[in-house]
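Before any comments, here is the structure.
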Amino acid sequence: MSYIKSPRRSMARIGSIALVAVTVPLLAACSSPKVDPVATRDSVAEAVTEPELDAATITDEKYDFELHPEPLVEPLDCTPYLVVTVRGTGEPTKGQLLSPVAREIKKARPDEVTQIDLDYPADTDVREGGSQGVRVLLDTLRVQHEACGDEQSFVLLGYSQGALVIGDALSAAEDRMVGVTAGDLAPEIQAQVRSVVLYGNPRFLAVEDYNQGSFKMNRDGVFPRREGALAAYEDRIRDFCVDKDLVCQSALDATEEAHVEYFDNGMQQDGTAFVVSRLDPAKPKPKQKPKNAEKTQTDDSDVPEKDESPKSGAQERGTQPGADGLEPRP
């Protein structure tokens, strides 16, 4: 596979080298979450800018679905929904950007959600780690569908490199940059992907209708995806990008601060609302019996027994045959 390096992207790449020297000290000094957007942008750029075919083949062979069809994961519970978070470069498995989103989804559907964080490196070796992430994600969806069938739907949440992994996993092999040989999803599994929410996507393409945020229309990500590559999912995706995010808005004036704005700019809540809006209606809670229900039952011992024996017409009129010692008249 080969890619053409445009003059605009070359200028952005040159600018990024100078940007790193200035912004890394600033990043180390701030108290933002443990994610390095500069490292993300540079590692992604190195992985996707004119990669050598031999290097890509060597990396992808390890995760080749045809050569190694045995899944890398074990099946999980068959709850109605499986939420998969795919973290960004350098993020911890807990306390990441996507954690509050997944938590609120679980609150919206108590006892209906299984949530996992994708087991992949999320380090600066995007070519190797990203390929592993694509294969593990695809295996997870395949194994779950085999175990649960249509009983389980999937919600995919990705930030930064995690957004790249999800997008490539859902794309055809020819539109991927990582996990090229990891296999494709069968149509029936694609149908079970209920919603996809991405933040700070390195493969952001500004012209897509499913995009959200303050991004500029003339700016794309570090390496934008082909237009329409995710058309099969376009009604199920929200791709959030803010202006000057150096990962999804590759430009000379991009900053690392913008890449972590998603933690407090309300877009976590927007992503949550989108996911919840696409879930099935919440199941009604079973009605509880009133606490005094037992007390309302009458004690049978306090009620005099009724004579249920059949009565004659005379008895119903209040007279009894022979009550005065005489036989009743014929």
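Points to keep in mind about this one:
- Every residue from segment 57-95 that is assigned to a loop (DSSP other than H, G, I, E, B), polar (S, T, N, Q) and open to solvent by less than 10 Å² (accessible area, probe 1.4 Å): Thr89
- Only listed residue being closer than 18 Å to Ala273 by Cα and not hydrophobic (A, V, I, L, M, F, W, C), chosen from Pro92, Pro100, Pro187, Pro121: Pro100
- Taking the numbered list (1) assigned to a loop (DSSP other than H, G, I, E, B); (2) within 30 Å of Glu112 (Cα to Cα); (3) open to solvent by 50 Å² or more (accessible area, probe 1.4 Å) in turn, Asp235 passes all entries but (1).
- Matching residues, segment 137-175, being in a loop (DSSP other than H, G, I, E, B) and under 25 Å from Cys241 (Cα atoms): Ser160, Ser171, Ala172
- Close pairs (6 angstrom Cβ cut-off, 6 or more residues apart or separate chains): among the acidic types (Asp, Glu) in segment 113-139, part of a helix (DSSP H, G or I) and surrounded by fewer than 22 Cβ atoms within 10 Å (Cβ to Cβ) anywhere: Asp123/Gly129
- Filtered by the rule that a residue be part of a loop (DSSP other than H, G, I, E, B), over 14 Å from the mean Cα position of the chain (by Cα) and over 17 Å from Asp64 (Cα atoms), segment 176-194 gives a lone residue, Ala191.
- Conditions (1) in a loop (DSSP other than H, G, I, E, B); (2) open to solvent by less than 100 Å² (accessible area, probe 1.4 Å); (3) aliphatic (A, V, I, L, M); (4) modelled with pLDDT of 70 or more: number failed by Ala293: (4)
- Candidate set from segment 239-268 (those that are open to solvent by 30 Å² or more (accessible area, probe 1.4 Å) and touching a Leu at 6+ places or on another chain (Cβ under 7 Å)); member that is nearest to Leu157 (Cα to Cα): Phe263
- Residue in segment 221-229 that is modelled with pLDDT under 95 and over 24 Å from Leu72 (Cα atoms) present: yes
- Segment 59-77 residues that are closer than 22 Å to Val113 by Cα, paired with ones that are surrounded by fewer than 13 Cβ atoms within 10 Å (Cβ to Cβ) (beta carbon under 9 Å, 6 or more apart): Pro75/Glu146
- Residue list for segment 141-157, restricted to those being over 20 Å from Pro92 (Cβ atoms) and either touching a Gly at 6+ places or on another chain (Cβ under 7 Å) or buried (at least 16 other Cβ atoms within 10 Å of the Cβ) (or both): Leu141, Arg142, Val143, Gln144, His145, Cys148, Gln152, Ser153, Phe154, Val155
- Pairs where the first residue, in segment 264-282, is at pLDDT 95 or above and the second is of a type in the set (D, E, K, R) and part of a loop (DSSP other than H, G, I, E, B), C-beta under 7 Å, 6+ apart: Leu279/Arg109
- A Cβ distance below 6 Å, combined with a sequence gap of six or more or placement on separate chains, defines the contacts here; from segment 173-197, residues that are under 21 Å from Arg225 (Cβ atoms) reach residues that are of a type in the set (A, V, I, L, M) and assigned to a loop (DSSP other than H, G, I, E, B) in the pairs Ala173/Val180; Asp175/Ala229.
- Restricting Glu257, Glu234 to residues that are out of contact with any Phe, Trp or Tyr (no Cβ under 7 Å at 6 or more places or on another chain) and among the acidic types (Asp, Glu) narrows the list to Glu257.
- Reported count of residues in segment 228-259, each being closer than 27 Å to Val276 by Cα, free of Cβ contacts under 8 Å to residues at least 40 places away in the same chain and of a type outside the set (A, V, I, L, M), is 4.
- Conditions (1) assigned to a helix (DSSP H, G or I); (2) in contact with a strand residue (DSSP E or B) (Cβ under 6 Å, 6 or more places away or on another chain): number failed by Arg127: (2)
- For the condition at pLDDT below 95 and among the hydroxyl-bearing types (Ser, Thr, Tyr), Ser250 qualifies.
The values are calculated or read from the model by the stated rules, or taken from the named source; none is laboratory data. In this text, all values refer to a predicted model and were calculated from it rather than measured experimentally. Glycine also receives a Cβ, built like all others from the backbone with ideal geometry; neighbour counts cover every protein chain displayed. Note: accessible area is taken over every heavy atom of the protein model, side chains too, but ligands, DNA and RNA are not part of it. Shrake-Rupley method; radii C 1.70, N 1.55, O 1.52, S 1.80 Å.
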